[in-house]
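To start, the structure under review is shown below, and the notes come after it.
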Amino acid sequence: MQSTDLGNKDSGKIWHRKPTPATRDGYRPRRECAGCVAGWRPARGGIIVNIIHSTSDYLPKVLRFLNVAFDSSGDRLMAGDHQGNIYVFDLCGNRFNLVQRAAQACTALAFNLRRKSEFLVALADYSIKCFDTVTKELVSWMRGHESSVFSISVHASGRYAITTSSDTAQLWDLDTFQRKRKLNIRQSVDIQKVFFLPLSNTILSCFKDNSIFAWECDTLFCKYQLPAPPESSSMLYKVFAVTRDGRILAAGGKSNHLHLWCLEAKQLFRIIQMPTKVRAIRHLEFLPDSFDAGSNQVLGVLSQDGIMRFVNIQTCKLLFEIGGLDEGISSSVISPHGRYIASIMENGSLNIYSVQALTREINKPPPPLVKVIEDLPKSKLSSSNLKVKVMSGRVQRPAKLRESKTQTRILKQDLTDNFENKENELSDGLNKKRLQILLKGYGEYPTKYRMFIWRSLLQLPENHTAFSSLIDKGIHVAFVNLQEKYPIKSRKLLRVLQRTLSSLAHWSAIFSDTPYLPLLAFPFVKLFQNNQLICFEVVATLVINWCQHWFEYFPNPPINILTMIENVLAFHDKQLLQHFMNHDITSQLYAWPLLETVFSEVLTREEWLKLFDNVFSNHPSFLLMTVVAYNTCSRAPLLNCNLKADFEYFFHHRNNLDINVVIREVYHLMDTTPTDIHPEGMLGVFVALTKGQYPVFNQYPKFIVDYQTQERERIRKDELDYLRERQTVEDMQAEVDQQKVEDDAWYQKQELLRKAEETRREMLLQEEEKIVQQRQRLAAMKRELKRKEMHLQDAARRRFLKHQQNQREMELRRLDDEIERKVYMRDQEIATTAKDLEMRQLELESQKRHYEKQYSRNQEAATKEIREDADAYRQKVNLEEHMFHKLIETDQSQSLKTQKLIEENLANAEQACIDADWRIQALHKQRCDDQQRNECYQEVAKLLRENRRKEVEVLNAMMRAEAKKWGEAEEKKFHLTSEKRASTLSDASRKGFLEQELSDAFEHAKNPLKQEAPRLQHEHVSSSCLTGTSQLSDVSKMDSSSQVSLNRRKLEWDTTGQDLMEKVRNLRQRLTAQARNRCQTPHLLAT
């Protein structure tokens, strides 16, 4: 046994050398195939390799594998350890790769999705992730479980997946990675397992109370429920397994019993008891077989002791077992094609077993009939000494001669036959030559091994991936309505035929237009209906090899092939051919019906199987020779036929003909036909389908097929248009019919209504006559009642008048009492009102005195406040006048100093002048003085006019301000305080202005000007005078305004008092008038 440690490597080889065969418990290789695991036999117990994963740290430890899963091809498997490292092992390529580090333990794996590079992994955080093995990237992240996911089941199409935890199961769409449905359960019952049945749309849910339900995947409709197990069995189901055809369910638990359920009959049909060593069953798995058509017979049972035992569920025999007490198995998975078994051991390692090695002894063929050759001396050879008796299938050797010894030799093949033997070597260890010898000896292959032999002869590659891609394309348009042309009772058989034909049409476009393809494929579909892949590949191999040159004259029958048959028939039976020609029977009638149906119409099932045992074992021309042999062996009835209808019936129905005679005739024709007309020289040798992908099939006139496709598409569109128009016409016809029916119903209804109306009229007339009579009787009764009523009304009126008189007398008495009471109350109210008026008058007088006192106090306070404000204002005015006079004095002194300085300068100038020009300068001085004086006069006049205008504006502004102040003083006291603040601000501004003027004057005194001094002096004097005048007038006006304000306030108080007294008098007058009116009202009522 070879062991591989992954270590810290991300990729590498699974094994570095092929296992060496052992002499004790190993097997010797019979053939070698480089790079393929199936080319050698494992050395020990069927184990190919043991894989461990250990770390190379300071303290090395072994990482335990937890889950393992195979892909759909069965040649690659995936394993994950408890640290989240996920590896992919390619058993054909001898490589392993680390595809993901999930960083947490994986609880379930699935590697059989539609996209072959993707896989699902359930992690310890209750989430499911989808990764890509090529890019190693996260494809999707699915959440929704609240407990650990322990199972992932993928639909056969790879589109849906079911994840199962103990409390729920969820259905996911793997195209969108969205959750479609969720299975919720009661808290008292947990889920045991939920999974898809193979090759079906059924979901099986198993619960811990042994209840099992089957659901439809698309609608989640409950199809059925299995009945409860027998009462004698107290076992609770823990593990389940289903065969590939979905017919048998195996269930086990904490017991050594296995329950086998038939899902079609929905009943328990067998209970298998395991050996006494088995106390509990931990895992169940069916072992697939390529030749059991999905009805698996071998079941692997993993028990509590770590040993997985494989038993045949039909014979109940123990076939073989893996694992042991020292190397126990924790869990195990079998590849889809049944070649490998991957087991996780209890020590955390991974073992990969070869099923072929484990089952070699079981599948070992029986010993040959003769395997010893005896050489005797030539002198003693005689016919009696070589007699052999065959009894009960055994070979008895002749009695030995005493005088001679028997010598045993092993025959060796010549070296020249090596190449031929290699060509005759088939897959699975079969030899074509030996099979042909066996076939000629027995006439047919054993029924039990026929499918296995056919598969080996045809060398089927079993391209699961390529076939799945063809199946995924769906039903071809050409075969959608297949049941209309070929009505088949079995819906399953029709569905398989439809899928096989669609796959062929998707493989090559010619098959969508081949009308006889269903007839050609139907016998193989019926034979392999449980394995569609084998069925497709058998038909495809038949088309490539035995249907060579059939499509060269498409859409016509293969004229070249029929010509070959006619030539061979002409050589071997000219009379029969001449008979056909005489009755205008061509090869399209006596050969083509047999070829296009591959003899399925004229042979029984056993005859057909026997024939094709020989066809598949020989050259492709064998089929054409069979047509000739069938005609020659039937020459007697054919020569008696004279009508074309008889010939057609003969070649389309079964006839009384021995197939063994036909097959012998075929071999005779194969040997005696000349080479120039032998079909073997015109047909190629057998070519098997390629591995991985199917070969391209284009041996047909492409332009015809394309034209037919276009024409068919056009016809289909025309047919759709016709159908639409026909549907429209039918709808219109239906509407017309419906309208006609409605009209008829309406007319009938109207007729019934008319008749009913006449009936009602007659009834109404009768009723009216009765009503007239009743009215007359009622009128008489009314007159009598009216008379009685008048008497009663007269009596009631008199009684009412009397009662009314009594009521009025009582009302008058009540009114008198009320008047007296009101008069008394009015007197009381008048007295009370008088007292209230006196009290009110006293209150008003006291209030008046209080108001007068308060008014005098307020007047005194206001007068005092005004007096204080006036004193403060006088002090402020005196201070301002003092500052103004000081300014004037300063300006005058400065002017005098300036004038004196000027005069001194002039004197000095005059003294400095020349005596001769003193008169001229004097005159000039005079003229300049006159001019300057004139300008000064004009400027002064201008300033005076400007001052007068400004005084007028100031007076107007002051008048407006005075009027505004009067209004403000009358309205609120707050305006007075605001005026005070404004006055304070104006005082501060005037003070600042005066101080600025003083500073300017002092500066001017220090730097006087010679020519402009008089003018500046005049301007300052004028502005000062103007300002002083405006200020003085403002002060005088403010004094007068304050005095007027006091007088007006006093007048207002007097007016308010007078108004108040007037209101009191008016109130007294109104109260008196009201009292008088109340006194006069009773007298008016009394009168």
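Candidates are the residues of the range 598-626 that are in a loop (DSSP other than H, G, I, E, B) and of a type outside the set (Val, Ile, Thr); the one that is farthest from residue 454 (Cα to Cα) is 601. Against the numbered list (1) closer than 21 Å to residue 608 by Cβ; (2) modelled with pLDDT under 90; (3) open to solvent by less than 50 Å² (accessible area, probe 1.4 Å), residue 622 comes up short only at (2).
For the range 507-526, which positions are outside any loop (DSSP other than H, G, I, E, B) and free of Cβ contacts under 8 Å to residues at least 60 places away in the same chain? Within the range 507-526, 511, 517, 518, 521, 524, 525, 526 meet the criteria. Scanning the range 478-498 for residues that are within 23 Å of residue 550 (Cβ to Cβ) and open to solvent by 20 Å² or more (accessible area, probe 1.4 Å) yields 478, 485, 486, 498.
The set of residues in the range 770-804 that are open to solvent by 100 Å² or more (accessible area, probe 1.4 Å) and either touching a Gly at 6+ places or on another chain (Cβ under 8 Å) or of a type in the set (D, E, K, R) (or both) comprises 770, 775, 777, 782, 783, 786, 787, 788, 797, 798, 799, 802.
In the set (1) of a type outside the set (S, T, N, Q); (2) without any contact (Cβ under 8 Å) to a residue 40 or more places away in the chain; (3) over 20 Å from residue 687 (Cα atoms), residue 535 fails one condition alone, (3). Note on the range 252-282: residues that are under 36 Å from the mean Cα position of the chain (by Cα) and buried (at least 17 other Cβ atoms within 10 Å of the Cβ) amount to 1. When each of 892, 938 is tested for being at pLDDT 80 or above and of a type outside the set (Phe, Trp, Tyr), the lone residue that passes is 938. Of all residues in the range 887-898, those that are in contact (Cβ under 8 Å) with a residue 24 or more places away in the chain and either among the charged types (D, E, K, R) or out of contact with any helix residue (DSSP H, G or I) (no Cβ under 8 Å at 6 or more places or on another chain) (or both) total 2.
Restricted to the range 625-666, and to residues there that are among the β-branched types (Val, Ile, Thr) and over 16 Å from residue 591 (Cα atoms), the residue that is farthest from the chain's Cα centre (by Cα) is 661. Which of the residues spanning the range 193-203 are open to solvent by 50 Å² or more (accessible area, probe 1.4 Å) and without any contact (Cβ under 8 Å) to a residue 60 or more places away in the chain? Listed by number, the residues that qualify are 193, 201.
Residues checked against (1) modelled with pLDDT of 90 or more; (2) more than 30 Å from residue 511 (Cα to Cα); (3) outside any helix (DSSP H, G or I); (4) in contact with an Asp or Glu (Cβ under 8 Å, 6 or more places away or on another chain):
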residue	(1), (2), (3), (4)
688	no, no, yes, no
700	no, no, yes, yes
760	no, yes, no, no
773	yes, yes, no, no
789	no, yes, no, no
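Scanning the range 570-598 for residues that are open to solvent by less than 20 Å² (accessible area, probe 1.4 Å) and of a type in the set (D, E, K, R) yields a single hit, 573.
The single condition among (1) part of a strand (DSSP E or B); (2) at pLDDT below 85 that residue 153 does not satisfy is (2).
Return yes or no: is residue 855 in contact (Cβ under 8 Å) with a residue 60 or more places away in the chain, assigned to a helix (DSSP H, G or I), in contact with a helix residue (DSSP H, G or I) (Cβ under 9 Å, 6 or more places away or on another chain) and open to solvent by 70 Å² or more (accessible area, probe 1.4 Å)? Answer is no for this residue. Screening residue 712 against (1) at pLDDT below 85; (2) loosely packed, with under 11 Cβ neighbours inside 10 Å; (3) of a type in the set (D, E, K, R) leaves a single unmet condition, (2). Of the residues making up the range 544-566, those that are open to solvent by 30 Å² or more (accessible area, probe 1.4 Å), in a helix (DSSP H, G or I) and closer than 17 Å to residue 622 by Cβ number 1. Could you please let me know if residue 835 is closer than 30 Å to residue 1073 by Cβ, of a type in the set (Lys, Arg) and either touching a strand residue (DSSP E or B) at 6+ places or on another chain (Cβ under 7 Å) or part of a helix (DSSP H, G or I) (or both)? When the stated conditions are applied, residue 835 passes them. Taking the listed residues 840, 808, 849, the one that is more than 30 Å from residue 1063 (Cα to Cα) and open to solvent by 70 Å² or more (accessible area, probe 1.4 Å) is 808, with no other qualifying. Kindly check whether there is at least one residue in the range 7-14 that is at pLDDT 80 or above, among the charged types (D, E, K, R), over 18 Å from residue 358 (Cα atoms) and buried (at least 19 other Cβ atoms within 10 Å of the Cβ). There is no residue in the range 7-14 that is at pLDDT 80 or above, among the charged types (D, E, K, R), over 18 Å from residue 358 (Cα atoms) and buried (at least 19 other Cβ atoms within 10 Å of the Cβ). Scanning the range 137-147 for residues that are open to solvent by 50 Å² or more (accessible area, probe 1.4 Å) and either touching a Pro at 6+ places or on another chain (Cβ under 6 Å) or part of a loop (DSSP other than H, G, I, E, B) (or both) yields 137, 143, 146.
The strands (runs of 3 or more DSSP E) falling completely within the range 219-332 that include 2 or more residues that are among the polar types (S, T, N, Q) map to 267-273. Could you check, for the range 861-870, whether at least one of its residues is open to solvent by 90 Å² or more (accessible area, probe 1.4 Å) and either modelled with pLDDT under 80 or over 18 Å from residue 977 (Cα atoms) (or both)? No: the range 861-870 contains no residue that is open to solvent by 90 Å² or more (accessible area, probe 1.4 Å) and either modelled with pLDDT under 80 or over 18 Å from residue 977 (Cα atoms) (or both).
In the range 149-192, the qualifying residues are those that are touching a Leu at 6+ places or on another chain (Cβ under 9 Å) and over 20 Å from residue 113 (Cβ atoms), and the one that is most open to solvent (accessible area, probe 1.4 Å) is 182.
The values are calculated or read from the model by the stated rules, or taken from the named source; none is laboratory data. Computed from a predicted structure; not experimentally measured. Don't worry about glycine lacking a Cβ; one is built from the backbone with ideal geometry, like all the others, and counts go over all protein chains shown. Heavy atoms of the whole protein, side chains included, go into the accessibility calculation; ligands, DNA and RNA do not. Shrake-Rupley method; radii C 1.70, N 1.55, O 1.52, S 1.80 Å.
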